[in-house]
1. Any chance you could count how many residues in the range 1-38 are of a type in the set (Ser, Thr, Tyr) and either outside any helix (DSSP H, G or I) or in contact with a strand residue (DSSP E or B) (Cβ under 8 Å, 6 or more places away or on another chain) (or both)?
2. Just checking, which of SER83, SER128 is over 18 Å from LEU49 (Cα atoms) and hydroxyl-bearing (Ser, Thr, Tyr)?
3. Go through the range 1-30 and give me each residue that's under 18 Å from GLY82 (Cα atoms), surrounded by fewer than 20 Cβ atoms within 10 Å (Cβ to Cβ) and in contact (Cβ under 8 Å) with a residue 60 or more places away in the chain.
4. How many of the residues making up the range 54-85 are touching a residue at least 24 places away in the same chain (Cβ under 8 Å) and under 13 Å from VAL110 (Cα atoms)?
5. I'd like the residue in the range 62-117 that is under 12 Å from the mean Cα position of the chain (by Cα) and polar (S, T, N, Q) and, out of all such residues, is nearest to PRO34 (Cα to Cα).
Amino acid sequence: MRSPLLLYDAIINLLLGIPLMLAPGTVTAILGLPLPASGFYAGILGAVLTGIGIALVIQVFATPFQMTGLGLEGAICINIFGSVALLVWLLFGKLAMPLHGRVFLWGVAVLVLFLSGLEFMWHLARRSGPKEEE
């Protein structure tokens, strides 16, 4: 397995993405998230998160098949931009949602930002270490 961090990242994306993609209205209501008139945007977000999660799983496990998915650098970029955007919305967006929705989103943002930091440190350590032959 290439990187357990990529696998954890994939699991988080899939756990958030698949439910949002399949039942956006129900999931956003249960989590206490801001709900637009339709579940369109939540469903699209779920599909994107699911695609990212599957790309990460391919990156972790598809070595024997010569396949690549989403590498560590791409996952770091997506996670940092997504979590920072979410934090900005939480801090300045005047979002109408219940407390448990705010707690959930803060948890997601902090967890994803923390995971990005771990991935970045792991990446830097790997780059500065001895080179492996492929």
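Every number in this text was worked out from the coordinates using simple rules, so none of it is lab data. The shown structure was predicted, so the numbers you read here are calculated from the model rather than taken from an experiment. Cβ coordinates were reconstructed from backbone atoms using ideal geometry, including for glycine residues, and neighbour counts include every protein chain displayed.
1. Qualifying residue count, the range 1-38: 2.
2. SER128
3. TYR8, ILE12
4. Count: 5.
5. My answer is SER83.
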